[in-house]
Each structure stands twice: as structure tokens, then as C-alpha cells.
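I have placed the structure first, in the form of C-alpha cells, so that the comments after it can refer back to it.
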């Protein structure tokens with residue numbers, strides 16, 4: 001059930017995101033898909049994509065699931081599932097094994113900072129200046 005929900009969300013992202021409106025031609029051209037437990041791949045003549053689903057367990061006891069997507073030639077995206085709500089994010093800063101993601105929805109301005117197999121989640125209230133509210137201080141990959 002979760003996979004179907006995530007897949008539908010990802011397909012909706014592909015369909016409605018600017019510059020990614022190739023999905024109808026992708027379906028008409030025959031879309032190939034491979035899937036594993038946490039890794040998914042697909043391709044057609046217009047684009048190629050792959051994604052990895054990573055589950056994190058945070059020090060607060062909450063769980064965070066992040067789907068990291070690479071869509072060629074468009075770029076990288078992430079979908080974060082936190083407290084039962086999925087949010088689409090884009091990378092805005094990368095250095096070594098550290099990547100920071102920013103939610104595309106400014107009203108739900110989450111930031112996800114991934115460093116290796118750890119992550120940190122924060123929230124910037126809309127229209128406020130100053131620092132972020134930390135939601136999850138330490139999240140480790142949950143095997």
C-alpha cells in the first residue's frame with residue numbers, strides 16, 4: 001500500500017512538474033520499470049529515473065522515510081514522509097557526503113540535511129526571520 005501511494009505521488013510529480021511533462025509520451029512509448037525492496041528504476045526514450053527509499057529512526061523515536069530520486073536529464077528530488085505527510089523537496093546545497101534539501105512548499109518549509117547515513121529535520125515558519133525550529137536532531141538509517 002505504501003509503495004502504491006509513493007509511486008502514485010512520484011508519477012504525479014513527474015506529470016505536473018515543469019520540465020517533466022514527458023510522462024504521457026513515456027506511457028505511450030512503453031515505460032520499463034524494475035523494482036526491488038528499496039531501489040526502483042525506470043526508463044523510456046524521453047527520460048530515465050531511479051530512486052532509493054531510505055528509512056530513518058530518529059532519537060525521538062519517530063520514523064522518517066525519504067525517497068531520493070534521480071530523474072535524467074531533469075535532476076534530483078526527494079520525497080520525505082514525516083508524521084504521515086509527504087513533501088516534495090529539492091537539493092539546494094551539497095558538499096562531500098552532505099546534502100541539504102528544501103521543501104518546494106513554502107508554507108511547509110521543511111529542511112532535510114543528510115550527512116552519510118544520518119539526517120536532521122528542521123522547519124522554518126513562513127514569514128519569520130531567524131533560526132529554524134529543529135524537529136528531529138538525529139536520525140539514523142534504520143536497517
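The values are calculated or read from the model by the stated rules, or taken from the named source; none is laboratory data. Just so you know, these numbers come straight off a predicted model, no measurement behind them. Every residue, glycine as well, gets a Cβ built from its backbone with ideal geometry; the counts of neighbours run over all protein chains shown.
Descriptive notes on the structure:
- Filtered residue count, the stretch 75-132, keeping only those that are part of a strand (DSSP E or B) and at pLDDT 90 or above: 31
- Subset of the stretch 87-112 (residues that are surrounded by fewer than 16 Cβ atoms within 10 Å (Cβ to Cβ) and in contact (Cβ under 8 Å) with a residue 12 or more places away in the chain): 90, 97, 98, 104, 105, 106, 107, 108
- Filtering 50, 41, 37, 46 for residues that are modelled with pLDDT under 95, assigned to a loop (DSSP other than H, G, I, E, B) and surrounded by 12 or more Cβ atoms within 10 Å (Cβ to Cβ) leaves a single hit, 46.
- Residue 55 being modelled with pLDDT of 90 or more, surrounded by fewer than 19 Cβ atoms within 10 Å (Cβ to Cβ) and closer than 18 Å to residue 133 by Cα: no
- Between 115, 134, 141, the distinction of being under 13 Å from residue 64 (Cβ atoms) and surrounded by fewer than 16 Cβ atoms within 10 Å (Cβ to Cβ) belongs to 141 only.
- Scanning the stretch 58-79 for residues that are surrounded by 16 or more Cβ atoms within 10 Å (Cβ to Cβ) and farther than 22 Å from residue 104 by Cβ yields a single hit, 58.
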